[in-house]
Ligand code: GLY
């Protein structure tokens, strides 16, 4: 078992641990019985995870006489909406959850973001324990306190910063994870390597077969390193005023593709396309060498992720329309993450919509 600490500087009391290991979920009820964080627990999950792990977790809580209820919503990005948030809140109110409650967000990115956002606003904020069940949620969305829902305009358009009380990463969840979901998480891991750790990129290249074959030991090393990269960034810049913007590498175009396609593309596929355009622009503007662009795209391709979107599916104009709603546009200036080299990214305010039009049209 590994414990990684997230030491927050602005509000040190909000610092928390990320615990990584196999079989951790089995001990959660025992742990909360010994060291309670609330008087009542709302286990929020989706329809798939409810069946796989939610019902067992509820039974564990009940066996320890912990006051708990399981609340679920249909699986899928479509549920990451204001409508689902309201339904979950109404259910919690009907069940009598008060300010002395804690939310257990059990699931992938959609569950973590939605349940975390409920926690941020329910009775003006209650604690939330993130229990990510997908690779993507383990290395990205469960860490750092960004919680949100999507709207028809843009992904994550309505949300808050609400740091979790704790993150529990149980590696055993990855044993039942579909290959497509593994690729989704790998896209974020590759992003972490590309923006800040050349050696980690090399590790991923070298161990990609083991990772794709779900070798838990290798995966745990990769998850830990990926979490450390994200932790370092969040510690330095909790509210995305500077350094944290680097995590948006591939996401400006990626998020626009997701919302333009009404979330019918996976996040991993969308940011893979976004990263390939971002690398191409980095090279075109004289920062990144062509060899590194190829290296990045080869790794993405190897895990089955695309690096181009057919213009028949989506016109550059439609992507650009959705980029207008991006939270990264400040004073009409686009903050676009580019690479100097593998492991070294920077935020450019010198990328115009015209530049993007050019690169998307190629
Ligand atoms: N997923 C990007 C961030 O947490 O800032």
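The values are calculated or read from the model by the stated rules, or taken from the named source; none is laboratory data. Everything numeric here is computed off the predicted structure, so don't read it as measured data. With ideal geometry, Cβ positions are generated from the backbone for all residues, glycine too; neighbour counts draw on all protein chains shown.
Quick notes on this structure:
- Residue match in segment 197-212 (condition: under 23 Å from residue 105 (Cα atoms) and away from the ligand (no atom under 13 Å from the Cβ)): no
- Selected residue [within 14 Å of residue 359 (Cβ to Cβ), within 15 Å of the ligand (Cβ to nearest atom) and touching a helix residue (DSSP H, G or I) at 6+ places or on another chain (Cβ under 8 Å)] from 278, 256, 270: 278
- Picking from residues in segment 230-244 that are assigned to a helix (DSSP H, G or I) and more than 8 Å from the ligand (Cβ to nearest atom), the one that is surrounded by the fewest Cβ atoms within 10 Å (Cβ to Cβ) is 236.
- Flag if residue 68 is at pLDDT 95 or above, within 16 Å of the ligand (Cβ to nearest atom) and more than 17 Å from residue 171 (Cα to Cα): no
- Scanning segment 1-19 for residues that are in contact with a helix residue (DSSP H, G or I) (Cβ under 6 Å, 6 or more places away or on another chain) and either within 20 Å of residue 107 (Cα to Cα) or surrounded by 13 or more Cβ atoms within 10 Å (Cβ to Cβ) (or both) yields a count of 5.
- Single residue of 301, 290 found to be at pLDDT 95 or above, loosely packed, with under 15 Cβ neighbours inside 10 Å and closer than 13 Å to residue 190 by Cα: 301
- The set of residues in segment 140-179 that are within 12 Å of the ligand (Cβ to nearest atom), surrounded by fewer than 22 Cβ atoms within 10 Å (Cβ to Cβ) and over 12 Å from the mean Cα position of the chain (by Cα) comprises 159, 161.
- Of the residues examined, residue 282 is one that is in contact with a strand residue (DSSP E or B) (Cβ under 6 Å, 6 or more places away or on another chain), farther than 17 Å from residue 186 by Cα and not in a loop (DSSP other than H, G, I, E, B).
- Flag: residue 208 matches the condition of being part of a helix (DSSP H, G or I) and touching a residue at least 24 places away in the same chain (Cβ under 8 Å).
- Qualifying residue in segment 215-227 (condition: part of a loop (DSSP other than H, G, I, E, B), at pLDDT 95 or above and within 14 Å of the ligand (Cβ to nearest atom)): no
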